[in-house]
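Written out below as structure tokens is the structure these notes cover.
No lab work stands behind these numbers, since they all come straight from the coordinates. Note that the coordinates shown come from a computational prediction; the quantities given were computed from them, not determined experimentally. Here the Cβ positions follow ideal geometry from the backbone for every residue, glycine too, while neighbour counts run over all protein chains shown.
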Amino acid sequence: MLSLQHPDVHWFVPLELSKRGSDADKQLDAAADALAEEMAARREQPLYAPVVGLASHPVASIRLLLKRLALTPAMGKRKVFVLGDAERLVPQLGMEVAANALLKALEEPPADSVIILTAADPNALLPTILSRVVLVRVARIADSDVTAFVQQTATGRSQDEMEQRVTAAEGCIGKLFATDAHRSGQVDQAARFTEAPLLFALGQAPFQARGGFTDMLDALAGRLRSEAKRGGDTEKLVEAIALVLDARDLAQGNVNPQLLAAVLAEDLQARRAS
């Protein structure tokens, strides 16, 4: 199991499928191949960066899960299905049948199966899914343990840099593996939004507000928090952060990013002017 090769432990992670066809069987095969490739990569490098971009759990992955759910366990008494980053289980056109079957499976899984969903933010899960699961909150890891982990894995870094990484991790070792390029991209996007919000809004795709757009909102909230720590107008900054977090919640519901960015820009401008 630790080497991601147990036949009764099925891992499902967000994907960006390149093969898009009308044949459902071919889509299912493409999802199975993509998942196999991802698991092979994680066997080679178990420490991997957070999911970025528009990766999601596509319809084909859900159908593959349901197909495997009907199988008899190969070695153990039960099968275990792990859906990572379950907040990326987004509504998709043509997914209605698969989505309903998944909800039924979550509500009444087969007696020989256990389904585990992981999510960094449970509030980002679809309400229909949230109502059918038992929440298990994983406690924050102590900074001393994160520091020990950094010392074991991060060579050639100064003490100050390691302390900064531990603080930024906020008790989550996974955050240590967000690549510098990814963090830089988030900051650049937030800066673009701040400098020219309407141009930024027009540059967004008119669909799929999760992924990169949500990352930008996270970076924007971080900029506002840093400004508050430096002694900015606390009251206005707190209100601005609340607006960004509200926009982030809306983004999880697949609101048009162009519209969302434009409204947020207008609200933030009005808040600064008041």
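Structural remarks
- Sorted on the mean count of surrounding Cβ atoms within 10 Å across their residues, most packed first, peptides 215-224, 139-148, 119-128 read 215-224, 119-128, 139-148.
- In this label model, F149 and M39 are separated by 2.3 nm, measuring between points 7 Å along each Cα→Cβ vector.
- Annotation: amide H of K79 within the under-5 Å range of S113, V114, sequence separation 5 or more or interchain, hydrogens built in the peptide plane.
- Note that segment 27-40 has calculated 3J(HN,Hα) couplings of 5, 5, 5, 5, 5, 4, 5, 5, 5, 4, 5, 5, 5, 5 Hz, one per residue in order, obtained from phi through the Karplus relation 6.51 cos²θ - 1.76 cosθ + 1.60 (θ = phi - 60°); glycine and proline are x.
- Eligible lysines near K26 by straight Cα distance, threshold 18 Å, same-chain separation 8 or greater: K67
- At an R0 of 22 angstrom, the distance between the Cβ atoms of L130 and K104 translates into a FRET efficiency of 0.90.
- Treating r as the C-beta distance of E227 and A55 and R0 as 30 Å, the FRET efficiency rounds to 0.45.
- Between D160 and E16, the FRET efficiency estimated from the beta carbon spacing at R0 = 35 angstrom works out to 0.45.
- Two-decimal log10 I(q)/I(0) for segment 9-130, as the Debye equation yields it once each C-alpha is a single scatterer, q = 0.09, 0.17 Å⁻¹: -0.24, -0.92
- Neighbours of K77 by Cβ distance under 12 Å: Lys/Arg scored +1, Asp/Glu scored -1, total 0.
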